[in-house]
Amino acid sequence: MKNEKVFSIKDLHISYGSEKVIKGVDIDIDRKGVIAIIGPSGCGKSTFLKSLNRMIDTIPSAKVEGSIKYRGNDINSDNLEVVNLRKQVGMVFQKPNPFPKSIYDNVAFGPRLHGVRDKATLDEIVEESLKGAALWDEVKDKVKKSAFSLSGGQQQRLCIARALAVKPEVLLMDEPCSALDPIATTKVEELIKKLSKDYTIIIVTHNMQQAARISNKAAFFLNGEIIEYSDTERMFTNPEDKRTEDYITGRFG
């Protein structure tokens with residue numbers, strides 16, 4: 001189905017105590033492809049991202065108002081299973097955060113958590129997920145080694161494999177390349193483009209070139225509001241709002 005909505009967000013407001021961070025955001029996100037969330041530091045990008053799988057619940061002062069619907073269901077309703085939501089809407093963080101376990105056990109962690117015990121099944125999931133994260137060929141002979149034996153770029157791809165292992169539909173990525181060198185960044189970007197054929201990827205990035213290279217659509221946030229949301233190419237070549245143009249061309253931010 002074309003243009004099938006994954007998220008439908010209406011009049012979203014988020015505050016930390018008395019500080020309003022997101023102010024009246026409305027946005028629909030289609031299935032598959034890459035959506036880049038761009039904007040200067042402190043404009044609410046990461047807060048918005050964390051609200052999509054309720055990671056924001058981990059911040060005691062956070063208050064969320066408005067509607068976030070994932071596949072038509074309100075994710076903030078009392079009877080929603082948060083564990084299930086996070087299985088379908090995975091997250092990859094700014095700095096690689098592998099568990100202090102083997103490469104194998106990192107990837108098998110989620111499936112085990114969801115009740116998979118059979119070794120052959122786990123072996124298959126681990127291999128498939130590492131292949132999906134373009135890491136299998138580099139680690140297939142050392143999956144029992146510590147995840148910390150990997151380079152930073154490999155650790156980040158391991159974290160992506162760990163997210164893929166529970167078969168999500170959406171991957172949220174918060175500045176996934178900011179701690180990586182240019183070569184590792186290129187590998188992760190290539191991976192994101194490949195994964196976008198099967199997943200919806202919502203990525204927060206400060207890097208304008210990265211947003212232009214890998215995303216189909218972009219949302220420009222400023223002071224907690226969405227100023228513009230359109231096809232990336234259109235936004236970068238012919239933005240509708242002067243503030244978008246000023247940000248993209250580096251006049252501020």
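The values are calculated or read from the model by the stated rules, or taken from the named source; none is laboratory data. Bear in mind that the values here come from a model prediction, so they are computed numbers and not experimental data. Positions of Cβ are generated from backbone atoms using ideal geometry, with glycine treated the same way; all protein chains shown enter the neighbour counts.
Residues in the range 90-136 that are crowded, with 20+ Cβ neighbours inside 10 Å and touching a Pro at 6+ places or on another chain (Cβ under 7 Å): 90, 92, 106, 125.
Looking at the range 198-230, which of its residues are among the aliphatic types (A, V, I, L, M) and either over 14 Å from the mean Cα position of the chain (by Cα) or under 20 Å from residue 50 (Cβ atoms) (or both)?
Within the range 198-230, the first condition is being among the aliphatic types (A, V, I, L, M), and the residues that meet it are 201-204, 208, 211-212, 214, 218-219, 222, 226-227.
Those that are among the aliphatic types (A, V, I, L, M) and either over 14 Å from the mean Cα position of the chain (by Cα) or under 20 Å from residue 50 (Cβ atoms) (or both): 201, 202, 203, 204, 208, 211, 212, 218, 219, 222, 226, 227.
Restricting attention to the range 1-40, the residues that are among the hydroxyl-bearing types (Ser, Thr, Tyr) and either touching a residue at least 60 places away in the same chain (Cβ under 8 Å) or in contact with a helix residue (DSSP H, G or I) (Cβ under 6 Å, 6 or more places away or on another chain) (or both) add up to 1.
Checking the condition among the basic types (Lys, Arg) and within 19 Å of the chain's Cα centre (by Cα), which residue from 20, 32, 10 passes?
32
For first residues located in the range 217-239 and modelled with pLDDT of 95 or more, partners that are surrounded by fewer than 20 Cβ atoms within 10 Å (Cβ to Cβ) and part of a loop (DSSP other than H, G, I, E, B) and lie 6+ apart or on another chain with Cβ distances below 6 Å form the pairs 227/241; 228/240; 228/241. Among the residues making up the range 23-46, those that are surrounded by fewer than 24 Cβ atoms within 10 Å (Cβ to Cβ) and charged (D, E, K, R) are 23, 26, 28, 30, 31, 32.
Restricting the range 139-197 to residues that are within 12 Å of the chain's Cα centre (by Cα) and not aliphatic (A, V, I, L, M) leaves a set whose member that is nearest to residue 87 (Cα to Cα) is 168. Residues of the range 62-100 that are closer than 22 Å to residue 162 by Cβ, among the polar types (S, T, N, Q) and either touching a Lys or Arg at 6+ places or on another chain (Cβ under 8 Å) or in contact (Cβ under 8 Å) with a residue 40 or more places away in the chain (or both): 88, 94, 97. When 198, 181, 174 are checked against the criterion of being out of contact with any Pro (no Cβ under 8 Å at 6 or more places or on another chain), among the acidic types (Asp, Glu) and crowded, with 17+ Cβ neighbours inside 10 Å, a single residue qualifies: 174.
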